[in-house]
1. Within a 10 angstrom radius of the beta carbon, how do Arg453, Arg736 rank from fewest other beta carbons to most?
2. Got a sec? Charge dipole of the chain, +1 on Cβ for Lys and Arg, -1 for Asp and Glu; which of Ala731, Val242, Leu129 is way out at the positive end?
3. Evaluate the relative contact order of segment 509-661 (contact order divided by residue number), counting alpha-carbon pairs under 8 angstrom at least 6 apart; express in whole percent.
4. Assign one of three labels to segment 355-410, namely rounded, prolate or oblate, based on the Cα gyration tensor with a ≥ b ≥ c the square roots of its eigenvalues; rounded applies when a/c is under 1.5, prolate when it is not and a/b is larger than b/c, and oblate otherwise.
5. What shape does segment 436-505 have by the C-alpha gyration tensor, where a ≥ b ≥ c are the square roots of the eigenvalues, rounded means a/c under 1.5, and otherwise prolate means a/b greater than b/c and oblate the rest?
6. What is the packing order of peptides 418-430, 107-119, taking the mean over residues of other C-beta atoms within 10 Å and listing the highest first?
7. By how many nm would the segment from Glu245 to His428 grow when fully extended, if each residue of separation counts as 0.36 nm and the alpha-carbon distance is taken off?
8. Please give, to one decimal in nm, the separation of the simple spin-label points placed at Leu310 and Asp49, each 7 Å out from Cα toward the Cβ.
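What follows draws every value from the coordinates through simple rules; no lab data is involved. In this text, all values refer to a predicted model and were calculated from it rather than measured experimentally. Don't worry about glycine lacking a Cβ; one is built from the backbone with ideal geometry, like all the others, and counts go over all protein chains shown.
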Amino acid sequence: MPIKESFRRLIGRPGTVDQRRHQRLVQAAGQLEPALQKLTDEELHGACDALREGSGPSGFGNAELAEVCALGREAARRTLGERPFDVQLLGTGGLLSGSVVEMATGEGKTLSGALAAAGFALQGRHVQLLTVNDYLAARDANWMQPLLALMGVSVGWVTQHSSRQQRREAYAGSVCYVSVNEVGFDVLRDRLCTDAAELVLGEPDVVIIDEADAVLIDEARVPLVLAAGEGVGDDIGAAAGVVAELSAADYDADPGGAAVNLTDAGIEHAENLLGVDNLYAVGQGDLLTQLNVALYAQVLLQRDVDYLVLDGQVRLVDDNRGRVADRQRWPDGLQAAVEEKEGLKLSERGQILDSILVQKLIEGYRTICGMTGTAVVVSEQLREFYQLEAGAVPTNLPCIRSDEPDRMYATTEAKEQAIVDLVAEAHHTGRPVLLGTQDIAESERLAALLRARDIKPAVLNAKNDSREAAIVAEAGAYAAVTVSTQMAGRGTDIRLGGADEAGHDRVVGLSGLLVIGTSRYHTSRLDDQLRGRAGRQGDPGGSVIFVSLEDPLITRYAPDVPDETPAEDGQLDSVAVRRHIDHAQRVAEAAWMSTHRTTWRYHQQIQAQRDEVLGYRHQVLHADRAALELSESCPQRWADLAESVPGPQLAEAARLIVLYQLDQLWAEQLAFTAELREGIHLRVLGRQDPLQAFHREAANAFRGFAARVRSRAAEAFEGATITSEGLDVGASGVKRPSSTWTYLVNDNPFGSAGDHVLRSLGNLIRGGR
Ligand code: ADP
Ligand code: MG
């Protein structure tokens with residue numbers, strides 16, 4: 001172990017840094033403050049310009065970084081009326097040194113991040129500030145714009161509705177605020193350009209990630225997809241029809257709802273319905289895969305928990321946010337199976353042109369840093385997956401929130417009764433309450449129970465981020481009761497007494513906001529995020545989490561609960577139960593990590609292939625690889641054409657032909673791997689590790705990719721119509737899709753239980769015939 005590493009292990013959690021090392025920076029910035037206060041705005045601007053011009057190739061040293069912080073603080077005081085606290089500058093220092101900085105909710109990360117962005121920009125770097133949604137991208141860019149303008153740093157933002165030209169301009173500026181999805185989709189769309197001038201993104205440089213744990217951990221395994229063309233849907237109708245006919249005796253579903261298998265009787269029943277002799281016979285692989293996919297859809301995916309049906313469409317529920325996941329869908333087969341189950345029209349599907357995992361997207365940047373309320377608990381994962389260090393910045397004022405121990409109940413019914421009683425009790429005094437639920441169905445149920453007690457809660461399951469923000473902003477108002485899933489409204493400040501703080505003192509007198517969790521989340525980090533909604537900036541506040549032994553966390557991950565007799569109201573209070581709940585959460589965390597690792601391993605190889613394809617593409621787009629190859633492969637045709645077609649037109653025709661074949665072959669490779677992955681656990685029949693089998697088959701399929709592009713391009717070139725005007729795209733069969741669309745794939749539909757499902761599927765085969 002290197003010395004530095006062992007030292008780190010001695011002084012703290014591995015993978016964490018002590019942000020106090022930036023203390024000196026903050027002190028130095030403090031010393032500069034009086035002098036800077038005397039400058040005019042022009043002089044301040046001039047000082048920033050001077051810093052930028054003095055920046056050498058190795059970037060700023062300590063003195064310049066201190067100057068950035070001092071200038072930034074002064075600029076913020078003048079433009080925003082907020083003088084950054086020392087702890088905020090500590091955060092800025094951490095970001096500038098490439099760490100993930102932990103700063104509690106309400107400590108002002110937006111400002112810390114903007115100052116860091118300015119620090120990078122003044123060193124001539126291009127910064128993208130990633131937010132979790134479009135609403136926050138626009139909000140933060142507009143909020144920080146005056147500050148950055150005074151420092152001479154240009155700022156832009158991108159949302160779903162930005163045009164290609166607007167995007168190009170925003171990305172070209174020094175600092176761009178954009179949601180992680182949008183930048184990912186732009187990477188994919190740029191991936192299809194046939195002319196370098198059409199690109200909107202430059203080379204990825206610095207990324208500052210807000211809510212970094214959400215982006216880097218929770219959402220990292222979601223592939224972003226670009227698709228085109230019209231419906232070549234999976235015909236899963238026969239399999240779905242069979243599954244709809246099955247009865248409970250035909251399958252075994254595990255009690256936690258994580259796995260389902262056909263029983264022997266079920267297999268026979270299915271064989272009869274389908275009219276096949278043996279589903280496990282060679283050649284029936286596709287049917288068997290479809291049957292299993294349809295069975296998952298039928299038995300495991302629950303309407304209103306895993307998905308909603310809105311306007312005749314299946315809309316996925318985001319397992320991190322517990323609300324409708326914008327633009328998400330399942331892999332095609334499963335999506336079709338759920339649509340069949342609900343009797344809906346099959347949604348449009350197309351050819352997947354390219355896809356990228358958030359984790360891979362982030363890895364492309366030269367400098368990565370981020371900020372969030374909960375980083376230190378995931379420091380090991382940040383290190384494992386991104387080689388990033390995390391460090392905590394202390395709060396400006398001491399946190400005086402009182403976090404009560406969990407209240408434990410034997411049953412959901414008793415738990416919910418107790419929750420409603422507590423809400424009513426607090427509400428009776430006027431104390432604001434924020435109730436954090438697991439999913440939409442639970443929100444609705446609890447809201448109904450509250451209404452039955454004459455309490456009128458604001459329920460947050462709007463699909464509109466800005467409306468959601470407006471509601472959350474009022475959650476600290478006198479007598480407010482707000483019911484919300486964990487992620488909803490993240491990024492919005494909850495001020496005591498309401499957004500305008502009109503009732504501030506009154507609510508302080510009532511001990512501030514009371515946060516109630518209706519269950520533990522699959523990781524304690526999300527519990528902490530929820531608690532963090534109260535007690536911001538030294539406010540009073542309280543939090544308590546209710547747990548029942550019937551919670552999915554327990555039934556799924558630690559069903560063997562201690563045998564305890566509850567009190568009359570159903571409450572449990574023993575060390576054994578308390579330990580058991582912690583244990584369940586640890587098991588869930590471990591399961592989740594293992595899914596993350598598996599997904600990553602499945603994608604790693606595809607991503608490596610993708611890099612190779614992109615390398616090829618880059619040489620075609622930015623250099624003359626296409627012309628070189630085709631003139632070599634088809635010397636006669638090339639010479640003939642060269643007589644009548646001017647050089648640039650011929651080169652462009654060559655480029656369009658090669659790019660077309662390259663993109664087409666890549667889409668075919670992706671389709672192959674997608675199918676392979678869906679069926680791999682059945683194909684290997686238990687003899688080998690599915691991941692290894694997947695890797696082997698995907699690698700085999702990819703072998704000779706470049707040579708195939710070359711020969712297909714040569715063939716197309718021989719038959720293409722090329723005149724002095726250039727390539728006739730339509731007549732030459734290289735017409736590109738006229739429209740594309742983007743979405744996210746939830747390719748772990750069973751959350752952390754996914755592996756379990758696949759494992760039991762493997763067992764089924766092994767134990768089968
Ligand atoms: P976070 O992202 O850390 O939860 P925000 O950036 O949303 O916090 O800021 C929370 C609130 O604190 C905002 O309303 C902001 O205006 C305010 N704020 C931030 N920094 C300061 C400061 N130095 N002085 C006063 N108010 C501040
Ligand atoms: Mg924030």
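1. Arg453, Arg736
2. Leu129
3. 17
4. Verdict is oblate for segment 355-410.
5. Oblate, because a/c is 1.5 or more while a/b does not exceed b/c.
6. Averaged packing, sorted descending, gives the order 107-119, 418-430.
7. Length difference between fully extended and current span is 60.7 nm.
8. 4.9
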